[in-house]
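Contents: one structure, followed by commentary.
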Amino acid sequence: MTLNIHALQLDSIWEDKAANFTKVRELLAKQPPLPGSLIILPEMFATGFSCDLTKTQEATAGETEVFLRDLAREHDCAVLGGVVTPGSGAFARNQSLVIAPDGRELARYTKQQPFSLGGEAQVHERGHTPALFEWGGLKISPLICYDLRFPELARAAVKLGAEVLVYIAAWPVKRYHHWITLLQARAIENQAYTIGVNRTGQDPNFSYNGRSLVVDPHGIIIADAGEREQALRAELEPQIVHDWRAQFPALRDAGLA
């Protein structure tokens, strides 16, 4: 079995959900996914990385979630994308939501490390646990952007059985070399496919250069979206993860397998 990845490197329009939904549909029409694929959208794709909760926050089953469910059904794919939902008190939660083609919620993960430098910690509360779902013969853990800098978060997901780590992001261009290096590091140290899906373009606060990547369990980049808005495609082979973990037992030696 092969898992097809169809990751959309989007230039999100600032705080305009309807316009971004249209962008996603147009991009999928130009570059349609294969049925059964995992479609991945960036962090907070519907609004850009805004800290204005009046523009970003939605109740559970709000318009962005409905949109993700519609995409999953229309394309017969699982869809993973960023949403912002109510948290405790005045705080919201920056989440990665995964929907199956039949509308089932496969996973809902809350970002564990809000980006304090960008003001996120003032509006988004942190999550505390990893999430895991299975698709295309692989166990997949969704993570979000700044989480990438904290290797213990990926390790906790691998301890649960993760074979693929998916980071959706709004990662600024000024630190893009960290993005590339850390994605490769998470792949190598966890012997896992590691996927980073970033936005491109700019917003009122930051500029972004995309560089969405798929990295294999050896740390080799097997797909790179470059800097333009487009769909990044890749095939993941479960046997590559299984064989490498058996041949080189680093995870077992760490007490994780």
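The values are calculated or read from the model by the stated rules, or taken from the named source; none is laboratory data. These numbers were taken from a predicted model, which means no experiment stands behind them. Reconstructed Cβ throughout: ideal geometry from the backbone, glycine too, with neighbour counts over all protein chains shown. Accessible surface is based on the protein model in full, side chains and every heavy atom, while ligands, DNA and RNA are left aside. Shrake-Rupley method; radii C 1.70, N 1.55, O 1.52, S 1.80 Å.
Please report, largest first and rounded to whole Å, the three semi-axes of the ellipsoid equivalent to the range 13-79, where each semi-axis is the square root of five times an eigenvalue of the C-alpha gyration tensor.
22, 13, 9
Leaving out ligands and nucleic acids, and using a 1.4 Å probe, what accessible area per residue does the range 1-139 come to in Å²? Write down the numbers at each step before the final one.
Values: 5500 Å² over 139 residues.
For the range 1-139, the per-residue accessible area is 40 Å².
Using the alpha-carbon atoms, what tilt in degrees (0 to 90, nearest 10) does helix 176-190 show relative to the longest principal axis of the chain?
It works out to around 40 degrees.
Evaluate the Debye formula for the range 153-257 with equal point scatterers sitting on the alpha carbons, no solvent, and hand back log10 of I(q)/I(0) at q = 0.13, 0.15, 0.16, 0.23 Å⁻¹, in q order, two decimals.
Debye curve over Cα of the range 153-257, log10 I(q)/I(0) at q = 0.13, 0.15, 0.16, 0.23 Å⁻¹: -0.48, -0.62, -0.68, -1.17.
Per residue, how much accessible surface does the range 166-257 expose to a 1.4 Å probe? Answer in Å², no decimals.
44 Å²
Within the accessible area of the range 201-257, what % is carbon and sulfur when the probe is 1.4 Å and the other protein chains stay in place?
On the range 201-257, the fraction of accessible area on carbon and sulfur atoms equals 48 percent.
Angle, helix 63-75 long axis vs. longest principal axis of the chain, Cα atoms, 0 to 90°, nearest 10?
Tilt of helix 63-75: around 50 degrees.
Less than 12 Å Cβ to Cβ from residue 78, Lys/Arg counted +1 and Asp/Glu -1: what total charge do the surrounding residues give?
-1
For the range 1-47, which whole percent of the accessible surface, found with a 1.4 angstrom probe, sits on carbon and sulfur atoms? Write out the running numbers ahead of the final one.
On the way: 960 of 1700 Å².
Summing carbon and sulfur atoms, their accessible area is 57 percent of the total for the range 1-47.
Taking only DSSP H segments of four or more residues, each worth -39500 (n - 2.57), what value at 222 nm results for the chain once the sum is divided by all its residues, to the nearest 500 deg cm²/dmol?
Numbers: 7 runs with 69 residues, N = 257.
Calculated at 222 nm, the ellipticity per residue is -8000 deg cm²/dmol.
I'm checking a number: the convex hull volume of the Cα atoms of the range 1-118, normalised per residue, in Å³. What is it?
Looking at the range 1-118, the number lands at 113 Å³ per residue.
With mean projected area of the Cα convex hull in nm² as the read-out, I listed (i) 12.0; (ii) 13.5; (iii) 12.7; which label goes with the value calculated from this structure?
Among (i) 12.0; (ii) 13.5; (iii) 12.7, the one derived from this structure is (i).
Taking Cα atoms, how many degrees apart are the long axis of helix 238-247 and the longest axis of the chain, rounded to 10 and kept between 0 and 90?
Compared with the principal axis, the helix lies near 40 degrees.
Quick check: the distance between the Cα centres of the range 4-54 and the range 75-133, to the nearest angstrom?
Each part reduced to its Cα centre gives a spacing of 15 Å.
Counting pairs of alpha carbon atoms under 8 Å apart in space and at least six apart in sequence, what relative contact order in percent does the range 102-257 give?
Relative contact order, the range 102-257: 15 percent.
Once amide H atoms are placed 1.01 Å from N in the peptide plane, what residues at a sequence separation of 5 or more from residue 209, or on another chain, have their amide H within under 5 Å of its amide H?
Close amide H contacts, sequence-distant or interchain: 173.
Can you give me the % of accessible surface on the range 94-188 that is carbon or sulfur? Probe 1.4 Å, all protein chains present, nothing else counted.
Roughly 53 percent of what the probe reaches on the range 94-188 is carbon or sulfur.
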